[in-house]
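Colleague: Please read through the structure below; I'll follow up with questions.
The values are calculated or read from the model by the stated rules, or taken from the named source; none is laboratory data. The structure displayed is predicted, hence computed values, not measured ones. Virtual Cβ from ideal backbone geometry, glycine too; neighbours counted across all protein chains shown. Side chains included, ligands, DNA and RNA excluded: accessible areas come from the protein's heavy atoms. Shrake-Rupley method; radii C 1.70, N 1.55, O 1.52, S 1.80 Å.
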Amino acid sequence: MTAEYQAHGDVAVITLNNPPVNGLGLDTRRGIVDGLERAQADAAVKAIVIAGAGGAFSGGADIKEFGTDKSLQEPNLHSVIGAIEQATKPVVAAIHGVCMGGGLELALACHYRIAAPGCNVALPEVKLGLLPGAGGTQRLPRVVGVEAALNMIVSGEPVKSEFIGAVPGQKLFDRMAASPGSLAEEALAFARSVADARPLPLVRNLPCKHPEGDAYFQFARNMVKGMARNFPAPARCVDAVEAATKRKFADGLQYERELFINLMWTPESRALRHLFFAERAASKIADVPADTPQREIRKVGVIGAGTMGGGIGMNFLNAGIPVTILEMKQEALDRGIATIRKNYEAQVKKGKLKEDKYQQRMALLSTTLSYDDLKDCDLVIEAVFEELGVKEAVFKQLDQVARPGAILASNTSTLDVDKIAAFTRRPQDVVGMHFFSPANVMKLLEVVRGKATAKDVLATVMAIAKKIKKTAVVSGVCDGFIGNRMIERYSQQAGFLLDEGCTPSQVDKAIEKFGFAMGPFRMGDLAGNDIGWAIRKRRYVEKPDMKYSKTADLLCEMGRFGQKTGAGWYDYAPGKRDAIPSPVVEKMVEEHRKALGIAPRKISDEEIVQRLVYSLVNEGAKILEEGIAGKAGDIDMVYLTGYGFPIHRGGPMHYASEVGLFNVVQSMKRFARNPLDDARSWEPAPLLARLAAEGKAFA
Ligand code: 3HC
Ligand code: NAI
């Protein structure tokens, strides 16, 4: 049983005890109902307290149970709530730490609530593509008001208990405890003080009205339109809260339940639930136990103050960790520091950063031209030119000066981390930390695990990534790691689509309609087409039989590197970023097609999307099978946080599983028969073929 029963004189205490956050799984629900029955059967008990063990009252329904039999088994959350409301003795919720989702709904069914300060109170179901399904949309407006409740439900954001407790007229908390430490005692005393109160108050009996209901809900619907573009849940939250103001309580509850069940089956909710678990699972490494000791990171060194080095440094400054940046020349240092200042000043100007915080961060930054100044750093991240010879010189010098146990990281995006590690006498301390540009903004960090990388180094880097608010995903060593290795297949397909009849804007529009933040050609223009050109030139030598469209090279030969040169796949007006379809580029593509003797054909948006996305999936399956990625969810996290893959699709691997791997493989076989495509790259990865044949998914 994961809810414990204890009698404290005339008060029975039911303590939810289902770590880590007292999720309301089947055993916990059973425990609550059993406790209620026992307390009511005991004549000595006058009142009941429901509390949470550990750091939380309750984080809500047990998300792991969703979609399983357990979530349906009685007592379900509704039955538990019914049992609380119908209890013949007063039930008091003693709330601390976390009170979210079904946890808050359970508390709202209690006759009384006492809360400790510092508790995070929320109905976060919308973040899982759902709405509160156990009365939250009907009861919360009755205790905090319609507008405050709708704000909480539509945003899913937590509000501090002491903030709610201080709002005049609120009925969510009957009492505020002085501190989390005194909550238990105060809850017992409060329960005794209401032991004889009759009738027992119920939130459901409180009125729920908005003085200008129709106008307000119309306004609310307009407000959620933007955030609800790809997600049905926010608009349904508005519907449910409106029902609370217009229907009888029981009808509103029934309506909320129907909406909840419908949302539970949407692909958007499945994608968000997948994301919730994938995000948490990404920080866990199969052979690195959670209790692996970590090295202390008190000071960080960054080598190279270019595009990446400055942004990397900012991450640590933002987290209050001192940074020393090293460069070859004073001018390069000055340029790098000026960029950091410019970035911070832009944040100050927009009101996103306070002036004093900016000054505090800059005070943590020092610069140097000498390796000696890195000798007391606990972590040094190299972000110099992408040339093995340059990296060699840097790592050899670092090896000379860095203190024993310091972690030596490389931000390389294409080079072999094992080779870099071999430049030192301490390969166990070397790791890849592949940030994405702009490094102070992008969430993704690929942590590249070398052959020799020590487990405590990995554990430390994963922990520091959390501290600097990055989503860290572990990748093995291979060309391009997880993200860039996959994107190469995607770019290859984008090129073939041009050869076969598409324009750049047709391809971009199709994949943007699917939900990508930016299509491949707009992305190329933003990142700089010359970067891919340099990589392809290397590939032509390394893999001479690999097929590519020549259009991207022809574009670069025209000097059209993208936004930075004012022209790329698109034209750009001076100082503007709007992509304008370019007649010059379209002519180049047409002429190239003619030279190849290809008669253009009309290509559907569906084919464009499938070819781009399935090319990612197939390479992802290879990456998974080779052990470069530990889990399919890790690949999804890379694409969701680093490559603009639409959140509501859940990442390429999740999306493929939703489509059905059998169907994905069938499409791939069809694409392989296209003589203009690269049949070899459509050969299904063995893992994908196997799972498809077995009717299984990646997860
Ligand atoms: N069910 C099951 N497990 C949960 C959970 C839940 N509701 N909430 C958190 N967990 C698990 C996480 O998966 C994680 O497990 P792991 O250690 O095995 O990876 C662990 O708890 C710790 O979670 P975090 O890493 O997120 O820890 P934090 O301390 O940063 O945050 C939290 C704690 C604020 C509770 C955060 O986990 C959270 O926001 N959880 C989601 C809460 C939520 O969405 N509740 C609504 C559920 S839906 C519902 O109630 C339906 C109802 O309306 C009918
Ligand atoms: P950059 O050219 O903007 O900056 C490199 C900086 O390193 C320059 O300021 C240069 O003066 C300095 N430098 C060169 N050799 C040095 C040395 N021996 N000692 C000290 N400083 C030295 O390059 P960028 O774009 O910042 O790339 C750096 C690294 O990050 C590369 O390995 C690159 O592959 C990787 N990377 C780049 C991304 C990008 O989008 N630019 C994304 C992810 C990784």
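Colleague: Which of the residues that make up segment 501-512 are in a helix (DSSP H, G or I) and crowded, with 21+ Cβ neighbours inside 10 Å?
Modeller: Result: Pro504, Val507, Asp508, Ala510, Ile511.
Colleague: List the pairs whose first member sits in segment 318-332 and is within 15 Å of ligand 2 (Cβ to nearest atom), whose second member is assigned to a helix (DSSP H, G or I) and acidic (Asp, Glu), and whose Cβ atoms are under 8 Å apart, counting only residues at least 6 apart or on separate chains?
Modeller: Hits for this filter: Thr324/Asp373; Leu326/Asp373.
Colleague: Can you spot a residue in segment 297-306 that is assigned to a loop (DSSP other than H, G, I, E, B) and touching a Cys at 6+ places or on another chain (Cβ under 7 Å)?
Modeller: Looking through segment 297-306, at least one residue is assigned to a loop (DSSP other than H, G, I, E, B) and touching a Cys at 6+ places or on another chain (Cβ under 7 Å).
Colleague: Scan Arg335, Arg280, Arg341, Arg257 and give me the residue that is closer than 21 Å to Arg649 by Cα and among the basic types (Lys, Arg).
Modeller: Arg280
Colleague: Still on this structure: For Gly304, indicate whether it is more than 16 Å from ligand 1 (Cβ to nearest atom), among the small types (Gly, Ala, Ser) and buried (at least 23 other Cβ atoms within 10 Å of the Cβ).
Modeller: Yes, satisfied.
Colleague: Here's something else I'd like to know. Scan segment 361-379 and give yes if some residue there is open to solvent by 40 Å² or more (accessible area, probe 1.4 Å), at positive phi and assigned to a loop (DSSP other than H, G, I, E, B), otherwise no.
Modeller: no
Colleague: While we're here: Just checking, how many residues over segment 231-261 are open to solvent by 70 Å² or more (accessible area, probe 1.4 Å), in contact (Cβ under 8 Å) with a residue 24 or more places away in the chain and within 14 Å of ligand 1 (Cβ to nearest atom)?
Modeller: Total satisfying the criteria: 3.
Colleague: Open to solvent by less than 70 Å² (accessible area, probe 1.4 Å) and of a type outside the set (Phe, Trp, Tyr): which single residue out of Glu331, Glu327, Glu355, Glu345 fits that description? Quick ask: steps written out before the conclusion?
Modeller: On the way: Glu331 fails: open to solvent by less than 70 Å² (accessible area, probe 1.4 Å); Glu355 fails: open to solvent by less than 70 Å² (accessible area, probe 1.4 Å); Glu345 fails: open to solvent by less than 70 Å² (accessible area, probe 1.4 Å).
Unique residue meeting the criteria: Glu327.
Colleague: Regarding Met486, is this residue under 22 Å from Gly311 (Cα atoms), crowded, with 16+ Cβ neighbours inside 10 Å and of a type outside the set (Phe, Trp, Tyr)?
Modeller: No: the conditions fail for Met486.
Colleague: Write out, first by first residue and then by second, each pair whose Cβ atoms fall under 8 Å of each other, whose residues are 6+ apart or on separate chains, and whose first residue, in segment 149-177, is closer than 24 Å to Pro234 by Cα while the second is among the polar types (S, T, N, Q).
Modeller: Once the first residue is closer than 24 Å to Pro234 by Cα and sits in segment 149-177, its partners that are among the polar types (S, T, N, Q) give Ala149/Thr137; Ile153/Thr137; Pro158/Asn120; Val159/Asn120; Lys160/Asn120; Ser161/Asn120; Ile164/Gln170.
Colleague: Tell me, which helices (runs of 4 or more DSSP H) lie completely within segment 513-618 with 2 or more residues that are exposed (fewer than 15 other Cβ atoms within 10 Å of the Cβ)?
Modeller: Result: 529-542, 583-596.
Colleague: Need at least 2 residues that are in contact with a helix residue (DSSP H, G or I) (Cβ under 9 Å, 6 or more places away or on another chain) and more than 11 Å from ligand 1 (Cβ to nearest atom) per element, so show me which helices (runs of 4 or more DSSP H) inside segment 104-183 make the cut, counting only ones lying wholly within it.
Modeller: 136-144, 146-155
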